[in-house]
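Okay, structure first, notes after.
The values are calculated or read from the model by the stated rules, or taken from the named source; none is laboratory data. As the structure is a prediction and not an experimental result, all values here were calculated from the model. For neighbour counting, all protein chains shown are included, and Cβ atoms are generated from backbone atoms with ideal geometry for every residue, glycine included. Ligands, DNA and RNA are stripped out before the accessible areas are found, and what is left, the full protein with its side chains, is counted by its heavy atoms. Shrake-Rupley method; radii C 1.70, N 1.55, O 1.52, S 1.80 Å.
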Amino acid sequence: MKYFKKIRGLAKQLCFAEWDLDFTCLSQRSHFCAVSILALHSNFVKSKGNIQNLFHKTQILQLLQQTIFDVVKQLTVDATFLQDGQWEKDYANSMRAEFIKVANMIQTLITGYYELMNTSNGKEKSLNSFVVCAK
């Protein structure tokens with residue numbers, strides 16, 4: 001919230017694009033799991049990886065509303081053809097051993113995500129992106 005308030009004081013317009021966590025087909029599930037693993041890794045293993053947090057689009061819309069931004073455009077962009085899903089899956093798999101350092105409860109959650117992520121038919125697709133523009 002503080003971050004959005006600070007932006008509000010500095011910018012007249014804000015455009016936000018992020019992975020859409022509402023995956024629309026099962027072939028996007030592995031990418032969803034991969035980005036979830038990477039966000040958890042950043043928070044529990046203290047990584048400086050590309051993915052630090054995940055936001056659902058409703059969270060972004062609420063933050064914008066709370067900081068008096070008016071949403072002027074909102075859309076979903078087809079990003080299923082991008083290679084990011086496979087790249088992020090590979091990266092998540094490469095750091096699996098690092099989760100040995102986290103609490104058992106988190107290890108259990110992570111193991112579930114890894115199992116879901118690595119159970120696929122080999123035709124994974126990237127998540128779509130959501131875009132929000134506000135003034």
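Worth a mention:
- Cα-based shape type of the range 1-59, given that a ≥ b ≥ c are square roots of the gyration tensor eigenvalues and the cut on a/c is 1.5: oblate
- Sites listed here are chymotrypsin sites (Phe, Trp or Tyr not before Pro) in the range 1-81 whose DSSP assignment is loop and whose Cβ has at most 16 other Cβ atoms within 10 Å: Phe55, Phe81.
- Distance (nanometres) between label positions extended 7 Å along Cα→Cβ at Gln65 and Ile106: 3.2
- Using a cut-off of 24 Å between Cα atoms, the listed pairs Lys89/Lys123; Lys46/Lys89; Lys2/Lys125 include Lys2/Lys125 as exceeding that distance.
- Semi-axes of the equivalent ellipsoid for the chain, Cα gyration tensor, largest first, Å: 29, 19, 11
- Amide proton proximity set for Glu18, modelled H, under 5 Å, gap of 5+: Phe130
- Per-atom-type breakdown for the range 1-114 gives carbon and sulfur 57% of the accessible area (1.4 Å probe, protein chains only).
- Size descriptors for the range 79-135, from the alpha-carbon set: Rg then Dmax equal 14.6, 44 Å.
- Normalised alpha carbon radius of gyration of the range 65-109 [divisor 2.2 N^0.38 Å]: 1.93
- Separation in nanometres of the label points that stand 7 Å from Cα toward Cβ, at Val131 and Thr58: 2.4
- Taking trypsin sites (Lys or Arg not before Pro) across the range 46-87, the ones in a DSSP loop with at most 15 further Cβ atoms lying within 10 angstrom of their Cβ are Lys46, Lys48.
- Net charge, Phe55 excluded, C-beta distance under 13 Å - Lys, Arg +1, Asp, Glu -1: -2
- Per-pair calculated FRET efficiency, R0 = 30 Å: Lys2 and Met95 via Cβ, rounded to 0.05: 0.55
- Among Ala34, Ala79, Ala97: highest mean-square fluctuation, GNM of the chain, C-alpha pairs under 10 Å: Ala97
- Structure-based [θ]222 nm, the chain - -39500 (n - 2.57) summed over DSSP H runs of at least 4, per residue, nearest 500: -14000 deg cm²/dmol
- Segment Lys48-Ser120, length gained on full extension (0.36 nm per residue, minus Cα span): 23.1 nm
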